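Please treat every number below as a calculation from the coordinates, not as lab data. Keep in mind that what you see is a predicted model, and the values were worked out from it rather than measured. Backbone-built Cβ (ideal geometry, glycine too); neighbour counts: all protein chains shown.
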Amino acid sequence: MRTWTGDYPMKGIRGFALEKARLGPYGFEGDRTFCLQKVNRDDNNDPSYETMLIGYHLRLALFAASIDYDKREISVSWTEDKTNDSICFPLNPSITDRKTLEVSLHVSTTQAYDMGDELSQWFSDRLGHDARLVYIGNGSRAVLGSLAPHSSKALNNAALSQRIRNMVPPLAYPPERLVFNDLAHYLVVTEESNNQVSSRLDEGHAMDITKFRPNIVVRGASDPFAEDFWGELNFSITVDYKTGKTATDDRGMVWKKLNKDRRVDKGAKYSPVFGRYGYCFGDDTNKSLTIGQRVAVTRKNAQRTTFDWPHLTSFGVSQKK
């Protein structure tokens with residue numbers, strides 16, 4: 001049974017829980033369509049841009065975003081001072097006459113639209129450095145490697161029937177693409193896996209599952225980490241977030257505790273695995289998910305997927321990008 005659904009309107013900052021979520025072509029509607037670019041300048045004062053990730057820029061944890069779908073509006077709050085410090089902007093702003101800049105996320109690039117000085121200054125003032133807020137607009141990013149089920153690399157490794165199906169135009173699907181999601185449309189995790197992580201912490205501490213930034217949380221898996229082998233799900237139609245710094249207690253050691261026995265992906269042998277990346281395509285992208293829907297694992301893989309996104313096989317080992 002699905003117990004929680006999360007949407008993150010801005011890459012790298014805290015999101016919000018949804019009772020009902022609409023599936024779009026790149027994930028839940030409004031998920032990660034904005035991001036912040038840190039502005040770095042060389043000796044000639046020429047700018048270069050760096051996509052800000054919460055693992056490297058911890059103060060991002062002090063922002064929290066939500067969407068008002070009736071107003072088609074995003075609200076972002078700054079939580080450090082516990083005051084009513086927030087800003088709002090359209091969920092789908094006009095891109096007419098906006099400046100563009102190239103955004104690179106895990107070596108997958110796209111053109112994005114600069115949201116202007118007023119919004120960017122609000123974020124810069126709170127981060128303590130120059131940053132630009134950008135919007136994906138009508139752009140998208142390529143999925144590298146074989147993660148996307150309809151990428152050429154994935155189809156080369158697929159069953160013969162699937163390869164033949166994708167050669168027939170009416171039955172074929174285009175390769176999946178991304179907005180500012182890391183590597184896939186969705187991250188699916190289970191309560192059972194999170195409970196197992198909590199058992200590794202000091203007594204009295206529980207793992208906050210939202211720190212893994214999942215989109216879908218499922219309860220009722222057969223075992224912790226059973227999702228490692230999930231190949232397909234069918235849904236029936238019926239960092240310390242208070243301080244913006246590394247946690248100083250046992251919860252700040254979760255990564256190291258998982259390193260002990262969760263480095264199970266041969267393609268990312270230095271990174272522990274938690275949860276399962278997933279995609280949605282075709283007519284299903286117009287449907288919705290609601291808390292409490294039953295979930296069936298309709299296909300299991302004989303072995304774990306091997307991660308093969310270029311340049312990310314040791315992601316998380318160091319702070320170097």
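Brief remarks follow.
- Sorting the segments 125-136, 191-202, 4-15 by their residues' average number of neighbouring beta-carbon atoms within 10 angstrom, most packed first, yields 4-15, 125-136, 191-202.
- Cα-based Rg / Dmax (Å) for the chain: 19.8, 60
- Residues of the range 4-48 falling in the label zone of residue 130, defined by backbone nitrogen less than 12 Å from a point 7 Å along Cα to beta-carbon, are 38-48.
- Using a cut-off of 31 Å between Cα atoms, the listed pairs 11/82; 99/269; 20/269; 11/287 include 99/269; 20/269 as exceeding that distance.
- About its Cα centre, the dipole of the range 10-57 is roughly 300 debye, where the only charges are +1 on Lys and Arg Cβ and -1 on Asp and Glu Cβ.
- Dividing the radius of gyration of the alpha carbons in the range 27-140 by their Kirkwood radius gives 0.95 for Rg/Rh.
- Loop-located chymotrypsin sites (Phe, Trp or Tyr not before Pro) in the range 51-102 whose Cβ has at most 10 other Cβ within 10 Å (DSSP): none
- Projecting the Cα positions of 63, 110, 96 onto the charge dipole of the range 54-119 (unit charges on Cβ atoms of Lys, Arg, Asp and Glu, taken about the Cα centre) puts 110 furthest along the positive direction.
- Distances between placed amide hydrogens fall under 5 Å for residue 179 paired with 141, all partners being 5 or more residues away or on another chain.
- In the chain, helical runs assigned H by DSSP with n ≥ 4 each contribute -39500 (n - 2.57); averaged across all residues and rounded to the nearest 500, the mean residue ellipticity at 222 nm is -3000 deg cm²/dmol.
- Nearest-20 debye value, the chain charge dipole, Cβ charges on Lys, Arg, Asp, Glu: 1060
- In order along the range 136-146, phi translates into HN-Hα couplings of 5, x, 8, x, 6, 10, 6, 8, 8, x, 10 Hz, rounded to whole numbers, per the Karplus curve 6.51 cos²θ - 1.76 cosθ + 1.60 with θ = phi - 60° and x for Gly and Pro.
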